[in-house]
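Okay, structure first, notes after.
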Amino acid sequence: MFSSTFSDGVESWLVPSNLVAASDYQIRVSSTSNTNVGDFGNNYFSVTTPFVTVTNPNGGESFQAGSTYNITWNDN
């Protein structure tokens, strides 16, 4: 992910949009001067596919021109 970063114990990571959705990713941190020195995170993490689902309208509605209607959705 990074070739190097400050050794301050924190880093921001923008998840690449082309990363395959899966639940078995791990983070490994290693020394830049000796890649034999490092550690994997203790837990796996997931990358999920982003989604938006429209919940209203949900089909069959008729909308009158010039009127206001509520549209609702769920996303991750």
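Structure notes:
- Computed from phi, the 3J(HN,Hα) profile of the range 54-63 under the Karplus parametrisation 6.51, -1.76, 1.60 (θ = phi - 60°) reads 6, 9, 8, x, 10, x, x, 6, 10, 10 Hz, with x in place of Gly and Pro.
- Extension reserve of the Val10-Thr32 stretch, reckoned as 0.36 nm per residue once the Cα distance is removed: 6.3 nm
- For the range 5-14, 3J(HN,Hα) computed residue by residue from phi via the Karplus equation (6.51, -1.76, 1.60; θ = phi - 60°) reads 7, 4, 8, 10, x, 8, 7, 8, 10, 8 Hz, glycine and proline entered as x.
- Across the range 22-75, Cα pairs under 8 Å and at least six residues apart give a relative contact order of 31 percent.
- One entry in [x] 52; [y] 61; [z] 31 is percent of Cα pairs over 19 Å apart calculated from the shown coordinates; its label is [y].
- Model label zone, Ile71; criterion: amide N under 18 Å from point 7 Å along Cα-to-beta-carbon; scope the range 23-58: 51-58
- Distant-in-sequence amide H partners of Ile27 (H built 1.01 Å from N, under 5 Å): Gly41
- Computed over the chain with a Gaussian network model linking Cα atoms closer than 10 Å, the most mobile of Phe63, Phe40, Phe51 is Phe63.
Each value in this text was obtained by applying a stated rule to the coordinates, not by laboratory testing. Please read all numbers here as calculations on a predicted model, not as lab measurements. Neighbour counts are summed over all protein chains in view; Cβ atoms, including those assigned to glycine, are modelled from backbone coordinates with ideal geometry.
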